[in-house]
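Reading through the structure tokens given below for one structure.
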């Protein structure tokens, strides 16, 4: 593994001083080329050690140079708004190392590891990238026990140890920054709009809110509410419950953009910061401030971790993107 | 190509009466198994002709069983809301035929075909699936000329011919159905909220609106407006221009959910139907009626087209999903 970037058609074309198309023709339709051009390209191929056939190279090096990635199936109507960005970033980062991404699906439940076992047995991939991790995710331990190389976007929470290398975004730091931002605008009662505690990422975000409020001497009592589900309606209802309380908040940090969006459209003045900076945040007026995950850096780190036998975990810092939703006037209470 | 489903670990496990894990162990860690279990699994592997090594099989059959798919890079903040669904559906449909999807990226401009040429030259894939087609898309002709197998989600509009097999969703039929739906609720002035004419899919949707209005004897004069860009703000502004006209519409069909969303939140009563049934449509209250593309059927058709030398084009019918946005009361004019 990790023996540098594979020589590409582009490299051969540059060396031979011809177009990529000409190199492609030399390999696939040599009859189309003049004899001297063909000789030049063939010499460049030899000099650079270019291997036109991935399958042949794969057998020799025991490495398909393919990274397996499981496309998660979402519940109907629920999209992963970062999927688009993440897959592009992962594919581009893999290509920089002469690799490609192979997609597969996995069933839920007891058979969830079957496709992983199949791909390993077929030697179709030489590593996996995991995302959509859940607490007690069985994949990390299984892959470790089977000696498969992988890197995980997201941690396995509540495990005694975290099997295998991982990269994650510091949700606690992101929410703490959101609290400090709102405090700097004069807010003194800043609520947290959570989701059902999953013992993982959501909990981590809540801890960040709690810690930052503590450091700034702000109250948290009566300012924590959990939405029953990650929907706009649940977000709005939860925000209204907070605002109907004895000492309502003037601002709110949410565990997701979706519930943040509900809070923002609850019909009452409330400064709101979401989490994930989904397309929704920029798209829907007046614009939702949100904590952005550094997707491209996550992808690059994942690919690097596949070739690194030392690094175990990388925690990246998210970035607060400020829009109109957190710039409401503070009412003096 | 197309010589049936590959034998999987699962098949071997079923034949041997053992778990998939045991088959995987037999291939990768035989020392872990009892001698009789190993013998049973080995016999099943032989009987079924299971090929554990994709690379070896690939060399023999000249087919990597991989389908190349280019992940498009979006402008910042613009996500393809169907990407998630489409990639899962495509991967699942490919797996049903014993194939996998290989992702790659492509630069814009003159070098756009380079990764396609590289993958062909390396024999890394044996076919391509295209999406995000644009008018005069150069890929279809290039792949045809290079003898590469592919299937396209979306047509190349304004070409004299459509090179290669394709599947598309009948946007004209979808918008016509939206018009008939609004008409059945009593609307008599139904506008179309378009996007800059691209000579392709957007134009097709507009034609559907125009044709249906014609058939129902409804006016179209002064009821067509184009948004300068596919944003919520542009949608709202365009809807307000229509509503401030001499004879304003009571209902509107939009070329996208995003501009439909702007029209829905323009502050005036207006029945609205969007296009694409993105997650936004179901997520944001009160719920946006929208024309849904049959993504799973698109994916299955694409995979089938790769093995079909006769079928050239398949036009699928979209489905109107009715939500609260098109159920406003009609004001008598």
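With the requirement that a residue be surrounded by 23 or more Cβ atoms within 10 Å (Cβ to Cβ) and in a helix (DSSP H, G or I), what does region B:267-300 give you?
Those that are surrounded by 23 or more Cβ atoms within 10 Å (Cβ to Cβ) and in a helix (DSSP H, G or I): B:279, B:280, B:281, B:298, B:299.
Checking residue A:162 against (1) touching a strand residue (DSSP E or B) at 6+ places or on another chain (Cβ under 9 Å); (2) buried (at least 20 other Cβ atoms within 10 Å of the Cβ); (3) modelled with pLDDT under 90: exactly one of these is not met. Which one?
(2)
Being farther than 30 Å from residue A:165 by Cα and within 19 Å of the chain's Cα centre (by Cα): is that true of residue A:306 here?
Against the criterion (farther than 30 Å from residue A:165 by Cα and within 19 Å of the chain's Cα centre (by Cα)), residue A:306 does not qualify.
Condition first: in contact with a strand residue (DSSP E or B) (Cβ under 9 Å, 6 or more places away or on another chain), within 23 Å of residue A:19 (Cα to Cα) and within 14 Å of another protein chain (Cβ to nearest Cβ). Now tell me which residues in region B:121-138 satisfy that.
Result: B:124, B:125, B:126, B:128.
Looking only at region A:10-23, which residues are in a helix (DSSP H, G or I) and at pLDDT 75 or above?
If the condition is that a residue be in a helix (DSSP H, G or I) and at pLDDT 75 or above, then A:10, A:11, A:12, A:13, A:14, A:15, A:16, A:22, A:23 are the ones that fit.
Given the residues A:101, A:41, which is the only one that is under 26 Å from residue A:126 (Cβ atoms) and either touching a strand residue (DSSP E or B) at 6+ places or on another chain (Cβ under 8 Å) or modelled with pLDDT of 75 or more (or both)?
The match here is A:101.
The values are calculated or read from the model by the stated rules, or taken from the named source; none is laboratory data. Please read all numbers here as calculations on a predicted model, not as lab measurements. Cβ coordinates were reconstructed from backbone atoms using ideal geometry, including for glycine residues, and neighbour counts include every protein chain displayed.
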